[in-house]
Each structure stands twice: as C-alpha cells, then as structure tokens.
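The values are calculated or read from the model by the stated rules, or taken from the named source; none is laboratory data. This is a predicted model, so every value here is computed, not measured. Using ideal geometry, Cβ is built from the backbone for each residue, glycine included, and neighbour counts are taken over all protein chains shown. The protein model used for the area step is the full one, side chains on, heavy atoms only, and it has no ligands, DNA or RNA in it. Shrake-Rupley method; radii C 1.70, N 1.55, O 1.52, S 1.80 Å.
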Amino acid sequence: LNAQEDSVLVFNELMYNAADGQSEWVELVNLHGVDIDVSYWEIEGAISYQFPEGTVIPGNAYIVVSGAEGQVPDAMGPFEGRLDDDGERLRLINNSGRIMSELDYNDRGEWPVAPDGAGVSLAKRRPQDRASNPASWARSETVGGSPGTVNAVREEASSGLLFNEVAGISGESFF
C-alpha cells in the first residue's frame, strides 16, 4: 500500500534519459484545488532551479521545468545541471526551507527500467502516491512522456513468470 504525499506540490513525472536531441525535464503537480504561489521555491539535487517571483501554479495543474529552453511547450527553465541516467535524488524545497517532495529515482531494483534509454518518461501511477516509493512509478505510455498533462502509464508485469496458455478442461490433454 502506498502512503500518500503530505504536500501540496509534488514530483509527478520526469524525463531523465531523453531521446537524442530532446531535453530532460521535471514535472510537478498541484494536488489541491487552490492556486499555489511558488515564488522562490527550489528544485535541488541533481539539478538546480529556483522559481521566479510571481510563479503561481493553478489548482490541480501541472508545471514543467526543462533543461533547455523551447524544447518542451510551456515549460519553465532552463534548470542547471543534468539528471543522471543511473538515478539520483531530487528535492522540492519551499521558500521557508521545508522539503515538500523528495524523489530518489533509480533504474535498478524495483524501479521501472524503460525510462532509462527507451525514450519514455518515469511517471507516477497516481499523483498523490509518495514519490519516494518505487511502486508509485511506471513508464509512460508514450515516447516523450506527457509533460504538463495527466500521466498515461503502462502497467507491466511485476514478476518474470507469466501465464502464456491454458487449455480448457474439455481438451484432450489438460495443461
């Protein structure tokens, strides 16, 4: 069972190993129905970005911060630094110094591996699930992800063993 985020603004999707010529980006989502003023809030860790004065995220809306200008429509940025393809930690810090969301993503273990080079993003299954839990994340359904919109995720089998075929009981041999 995933614990829920206790913040108003959280990490929701990230493109950390973009296709050639594309930009890395980070998406945040406002979990509340009211506007949030994020003036001087910061993303820190692998990348660094401070939201400028007057930045307001509408209720239940998304905001994207890109590593390069003009590559992701309506994105802010660019941020400084690069997202490591092998995983690392990101923090969203409010203007009072409180950690609002933290993501320590990876491309091994319980983390989805497809976002590491297949052109898809790392996307949350449900925005309110805790970002620090690998089970909260999946690969995006589409190449390039869904920056600034609702995540479309592809659910994948959780083990290496799958049923391939089952013969009905009325067949000559049951298997």
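Search the stretch 59-81 for residues that are over 12 Å from Ser23 (Cα atoms) and pair each with any residue that is open to solvent by 60 Å² or more (accessible area, probe 1.4 Å) and aliphatic (A, V, I, L, M) when their beta-carbon atoms are under 8 Å apart and the residues are at least 6 apart or on different chains.
Matching pairs, first to second residue: Gly59/Val34.
A quick yes/no check of all residues on (1) open to solvent by 20 Å² or more (accessible area, probe 1.4 Å); (2) among the β-branched types (Val, Ile, Thr); (3) assigned to a loop (DSSP other than H, G, I, E, B); (4) modelled with pLDDT of 95 or more:
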residue	(1), (2), (3), (4)
Asn17	yes, no, yes, no
Ser23	no, no, yes, no
Val29	no, yes, no, yes
Val34	yes, yes, yes, yes
Tyr49	yes, no, no, yes
Pro52	yes, no, yes, yes
Val72	no, yes, yes, no
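Take Ser96 and decide whether it is polar (S, T, N, Q) and either in contact with a Ser or Thr (Cβ under 7 Å, 6 or more places away or on another chain) or crowded, with 20+ Cβ neighbours inside 10 Å (or both).
No: the conditions fail for Ser96.
Consider only pairs whose beta carbons are under 6 Å apart and that are at least six residues apart or on different chains; among these, list those whose first residue lies in the stretch 132-153 and is within 25 Å of Ile99 (Cα to Cα) and in contact (Cβ under 8 Å) with a residue 40 or more places away in the chain and whose second residue is part of a strand (DSSP E or B) and open to solvent by 30 Å² or more (accessible area, probe 1.4 Å).
Filtered contacts from the stretch 132-153: Gly148/Tyr62.
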